[in-house]
Amino acid sequence: VEKTPDDAQLITDTVLSALKEALGEFDAMRITEGEKLVLDLKEHLEFIKNATEEIEKRSPQIVSEYRTRIEERMRDILGSATYDETRLLTEVAIFADKVNVNEETVRLKSHIAQFLKMLEDGGCVGRKIDFLIQEMNREINTIGSKSNDLDIAKIVIDVKAEIEKLREQIQNVE
């Protein structure tokens with residue numbers, strides 16, 4: 001059997017054609033997977049955003065509940081005797097300052113907005129998003145340590161679980 005130059009060209013053309021087809025299908029699969037990944041990431045971010053809004057709603061109630069508890073304790077301890085209202089207000093103000101999580105919720109929502117923008121802009125954003133996830137985790141940890149409230153603590157745990165899901169998914173992003 002003799003090989004002719006036409007056989008080599010035919011093989012090259014056939015291999016290149018199959019390779020182009022395979023690469024095209026591979027790219028299409030990556031695009032589909034990327035679109036699904038973006039949808040999943042957005043769902044997690046939406047959950048975190050809604051949870052942050054719940055924290056913002058709950059946060060002012062913590063201070064009023066604290067004031068009510070302090071007043072009840074003062075009445076229980078002192079009975080009908082009077083107490084210094086100014087001192088009570090000072091204690092409530094100190095507590096309010098200590099449990100204020102407004103800065104953290106604002107930053108957390110800002111990180112969510114930045115995350116969404118990066119997803120929309122596309123490109124190689126994996127490392128940048130990984131950094132944002134670290135910052136989101138830092139903010140939710142601070143909220144958890146400052147809040148001093150069972151309801152917010154439950155929300156914080158749920159948000160931390162969602163952030164961990166984001167972290168796992170982001171490992172699949174370039």
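The values are calculated or read from the model by the stated rules, or taken from the named source; none is laboratory data. Note that this is a predicted model, so its numbers are computed, not measured. Cβ sites come from the backbone with ideal geometry, for glycine too, and all protein chains shown count toward neighbours. All accessible areas refer to the heavy atoms of the entire protein, side chains included, with ligands and DNA or RNA removed. Shrake-Rupley method; radii C 1.70, N 1.55, O 1.52, S 1.80 Å.
Candidate cross-link partners of K128 among the lysines, defined by an alpha-carbon separation under 24 Å and a same-chain spacing of 8 or more, comprise K36, K42, K49, K109, K117, K160, K165. Our note on the geometry: Cα centres of the range 79-107 and the range 139-162, 20 Å apart. Charge tally around T52: other residues with Cβ under 12 Å, Lys/Arg +1 each, Asp/Glu -1 each, net -3. Surface composition of the chain: carbon plus sulfur atoms contribute 54% of the solvent-accessible area (1.4 Å probe, protein chains only, all chains present). This model, with +1 at the C-beta of Lys and Arg and -1 at the C-beta of Asp and Glu, gives the chain a dipole about its Cα centre of some 860 debye. Peptides 7-14, 139-146 ranked from most to least packed, by the mean per-residue count of other Cβ atoms within 10 Å: 139-146, 7-14. In units of the rule-of-thumb radius 2.2 N^0.38 Å, the range 56-174 shows an alpha carbon radius of gyration of 1.47.
Take 73-80, 88-95 and order them by the average number of nearby Cβ atoms within 10 Å per residue, most first; the result is 88-95, 73-80. A 1.4 Å probe run over the chain, with the rest of the protein chains in place, finds 68 Å² accessible per residue.
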